[in-house]
């Protein structure tokens with residue numbers, strides 16, 4: 001009996017020591033579960049999930065579902081059932097913020113909701129909601145989302161002007177005021193001045209690269225430049241002025257071409273045409 005007590009005491013000591021040693025080991029770890037969010041999907045309609053950051057689908061449980069990013073976006077996932085009445089499966093999505101998003105996909109013939117947004121949650125870390133939440137869609141290849149672009153435009157519109165490349169006609173003037181580089185974009189700031197009493201209703205603002213010298217009977221070689229961002233309000237009241245901001249992917253102008261900025265009212269009234277040389281573009285300043 002005495003020997004049995006001694007052996008039992010020794011075993012308990014060893015067990016306790018082993019437990020303490022395991023706790024002290026530098027390579028010891030434990031697994032913390034990541035709560036999954038359930039998404040209803042169907043075969044006849046597409047379900048879209050908008051994430052707060054750019055994503056990369058990491059893996060799906062079975063071939064019963066189809067999942068891919070919506071073309072032209074970085075943070076919108078499109079999910080659809082490959083066949084009806086499949087057994088629920090899982091889908092893992094990796095965010096560029098380092099977060100892992102775990103989704104359980106469940107088949108429903110007629111889901112009540114087809115669009116979700118991922119938002120932060122204090123309990124589970126994140127959750128899916130179907131009401132209006134401000135998760136801007138990130139377009140592929142863009143260095144900033146729409147909210148950032150709008151904020152940048154507001155800041156640059158009130159920045160210091162350092163250029164005075166201008167043109168005018170019929171008491172209207174168009175002036176290139178500044179060029180800045182910010183968020184990997186080239187920002188053009190122009191000012192429209194209306195010296196008449198009649199409001200200037202802007203029909204369009206057109207940017208293109210045109211040949212400097214064109215021989216007669218030669219087709220015009222035009223390369224249209226489409227801005228990534230442009231000021232939403234472009235009309236100028238009589239006797240007033242308006243600062244307009246446009247963002248482009250950075251570009252330079254070939255020696256034989258020029259940048260042409262065209263602004264016009266409806267029906268071609270009071271059309272303005274501003275020509276910009278490459279030496280002006282090279283004066284762009286880094287926004288600090």
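The values are calculated or read from the model by the stated rules, or taken from the named source; none is laboratory data. Everything quoted here is computed from the prediction, not taken from an experiment. Heads up, the Cβs are rebuilt from the backbone with ideal geometry, glycines too, and the neighbour counts pull from every protein chain shown.
A few points about this structure:
- Any chance residue 73 is modelled with pLDDT of 85 or more and closer than 22 Å to residue 115 by Cα: no
- For the range 60-85, the tally of residues that are part of a loop (DSSP other than H, G, I, E, B), free of Cβ contacts under 8 Å to residues at least 60 places away in the same chain and buried (at least 18 other Cβ atoms within 10 Å of the Cβ) stands at 1.
- Looking only at residues in the range 179-202 that are surrounded by 15 or more Cβ atoms within 10 Å (Cβ to Cβ) and over 25 Å from the mean Cα position of the chain (by Cα), the one that is farthest from residue 242 (Cα to Cα) is 198.
- Any hit, the range 156-163, residues being closer than 14 Å to residue 242 by Cβ, out of contact with any helix residue (DSSP H, G or I) (no Cβ under 8 Å at 6 or more places or on another chain) and at pLDDT 95 or above: no
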